[in-house]
Amino acid sequence: MFKYINGLLYPVEVSCPDPGFGQVMFEHYGGKDSEFSAATQYMNHRSNMPNPYIRELLGMIEPLPVK
C-alpha cells in the first residue's frame with residue numbers, strides 16, 4: 001500500500017503570484033512531454049502487450065511512488 005502525506009519540507013512564503021512560472025510548472029508536471037505522460041504511456045503499453053515476458057518487463061519499468 002501507499003501512504004500519502006501532504007506536507008512541505010520547509011515553510012514557504014509567497015509574496016506575489018507568478019502565473020507565467022505556474023504555467024511552466026504545470027506544463028512540466030502535466031503537459032504533453034511530462035513525467036505523468038511517460039508513466040501513463042508505460043502502463044498503456046504494458047496492458048496492451050501480447051507477450052507476457054515483455055509485459056512483465058514493462059511492469060518493472062513503472063515509476064516508484066513518491067514518499
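Which of the residues belonging to the stretch 39-50 are in a helix (DSSP H, G or I) and either loosely packed, with under 12 Cβ neighbours inside 10 Å or in contact with a His (Cβ under 9 Å, 6 or more places away or on another chain) (or both)? Break it down stepwise before answering.
Going through the stretch 39-50, the residues in a helix (DSSP H, G or I) turn out to be 39-47.
If the condition is that a residue be in a helix (DSSP H, G or I) and either loosely packed, with under 12 Cβ neighbours inside 10 Å or in contact with a His (Cβ under 9 Å, 6 or more places away or on another chain) (or both), then Thr40, Gln41, Asn44, Ser47 are the ones that fit.
Before we move on, is Met49 at pLDDT 80 or above and in contact with a Leu (Cβ under 9 Å, 6 or more places away or on another chain)?
yes
So is Glu27 in contact with an Asp or Glu (Cβ under 9 Å, 6 or more places away or on another chain), without any contact (Cβ under 8 Å) to a residue 40 or more places away in the chain, surrounded by 11 or more Cβ atoms within 10 Å (Cβ to Cβ) and of a type outside the set (Val, Ile, Thr) or not? Spell out how you get there, then give the answer.
Details: in contact with an Asp or Glu (Cβ under 9 Å, 6 or more places away or on another chain): yes; without any contact (Cβ under 8 Å) to a residue 40 or more places away in the chain: yes; surrounded by 11 or more Cβ atoms within 10 Å (Cβ to Cβ): yes; of a type outside the set (Val, Ile, Thr): yes.
Yes: the conditions hold for Glu27.
Between a first residue in the stretch 41-57 that is without any contact (Cβ under 8 Å) to a residue 40 or more places away in the chain and a second residue that is acidic (Asp, Glu) and surrounded by 11 or more Cβ atoms within 10 Å (Cβ to Cβ), which pairs have beta carbons less than 7 Å apart while being 6 or more apart in sequence or on different chains?
Tyr42/Glu62; Met43/Glu62
The values are calculated or read from the model by the stated rules, or taken from the named source; none is laboratory data. In this text the structure is predicted, and so the values were computed from the model without any measurement. No Cβ is skipped: glycine too gets one built from the backbone with ideal geometry, and neighbour counts run over all protein chains shown.
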